[in-house]
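Report on one structure; see the data block that follows.
Just so you know, all these numbers are worked out from the coordinates, no wet-lab data involved. As the structure is a computational prediction, the values presented were derived from the model and not from experiment. When we count neighbours, we look across all protein chains shown, and the Cβ atoms used for this are built from the backbone with ideal geometry, even at glycine.
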Amino acid sequence: MQKWAIGVFASVDAGLGVHLDVAKELGIHTVQVHTPHKESRNEAAAKAFLQRCKDADITITCLFGGFEGESYADIATTARTVGLVPEATRASRAAEMKEISDFAKLLGCNTIGMHIGFVPEKGSASYNSLIAVTRDLLDHVKNNGQNMHLETGQETADHLLEFMHDVGRDNLFINFDPANMILYGTGDPIEALKKVGHLVRSIHCKDAKWAAPDQRGKGWGTEVALGDGDVGMENYLRTLQSVGYTGPLTIEREIAHDRERQKADIGQAVRLLESLRTKLLRT
Ligand code: MG
């Protein structure tokens with residue numbers, strides 16, 4: 001695969017992300033895919049989707065898990081509902097994540113990704129049980145010949161590193177999303193990337209503006225079109241270069257309610273990334 005191939009976050013059946021046709025239309029050849037609903041996770045659906053990818057010369061680089069009942073309405077709701085952290089659904093979601101790993105295998109994809117949720121404080125009972133569940137999941141994922149990437153943003157870089165170290169499995173890596181660090185108010189994304197860069201195996205190209213200082217970590221920042229926010233795309237790509245990242249640049253634009261604007265913004269992002277790539281990879 002080309003170094004820093006352009007990618008986009010896409011979906012099989014109306015979940016998060018753009019439809020495959022949009023990727024095709026914009027000339028994008030790699031996608032991360034949001035997992036389809038349970039009823040579509042079967043061999044026939046995998047085969048059909050793979051054929052559509054093949055026809056458009058698109059490679060699936062990561063299958064992202066997600067669950068019924070998750071809500072990103074505000075930060076407190078996200079903490080309560082997202083990932084494997086909520087204890088009432090932890091076991092059933094871990095089991096479902098194994099099914100998602102099996103579906104990724106049907107797609108010939110060796111990477112799954114997820115928001116694990118707001119990792120609890122080290123040493124708490126919830127933290128210890130989350131570690132046990134994550135290890136068990138990662139062993140299943142490993143048996144499928146896969147790695148799992150954790151999306152960044154819901155905790156600081158240091159807390160994420162601590163958690164990954166305590167899990168202690170060699171198939172756990174990071175999907176770095178700089179905008180999430182800003183949206184959740186969990187730290188400067190460039191400084192965070194320097195800290196966790198050795199574990200980054202996939203990334204999102206997404207941009208955001210910080211919430212007002214007294215609101216950081218309490219209220220959302222604002223997601224904006226790539227290049228219009230506080231990440232600083234050139235600095236972001238330079239930092240990725242310095243940590244040795246060569247994988248796809250996967251554009252994510254989370255405005256599924258406005259498909260026209262989403263497509264226009266992704267087109268703008270492709271042009272920005274292509275021009276920065278030309279500038280930075282010139283030797
Ligand atoms: Mg993301």
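Overview of values
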read-out	value
Trypsin sites (Lys or Arg not before Pro) lying in DSSP loop within the stretch 204-271, provided at most 15 other Cβ fall within 10 Å	K218
Top positive-direction residue, dipole computed over the stretch 6-281 with Cβ charges, set A208, N128, L240	L240
Paramagnetic reach from S129 in the stretch 83-106 [backbone N under 18 Å; point 7 Å along Cα→Cβ]	83-97
Nearest-20 debye value, the chain charge dipole, Cβ charges on Lys, Arg, Asp, Glu	720 debye
At R0 = 51 Å, FRET efficiency that the Cβ-Cβ distance of R80 and R282 yields, to 0.05	0.60
Under 29 Å from K279, Cα to Cα: lysines that are on another chain or at least 8 residues apart	K3, K24, K194, K195, K206, K209, K263
Gained length - A256 relative to E274, 0.36 nm times residue gap less alpha-carbon distance	4.1 nm
Mean Cβ neighbour count within 10 Å, used as a protection proxy, ranking 83-96, 117-130, 179-192 highest first	179-192, 83-96, 117-130
Restricting the stretch 200-283 to GluC sites (Glu not before Pro) in coil, as DSSP defines it, with at most 16 other Cβ within 10 Å	E254
Euclidean distance of C-alpha centroids, the stretch 150-174 and the stretch 27-70, integer Å	25 Å
Mean separation of Cα contacts under 8 Å, 6 or more apart, over the residue count of the chain: relative contact order %	17 percent
Cβ-based exposure ranking for F163, F176, in which fewest neighbours within 10 Å come first	F163, F176
H165 versus Q215: modelled label distance in nm, points set 7 Å from Cα along the beta carbon direction	3.5 nm
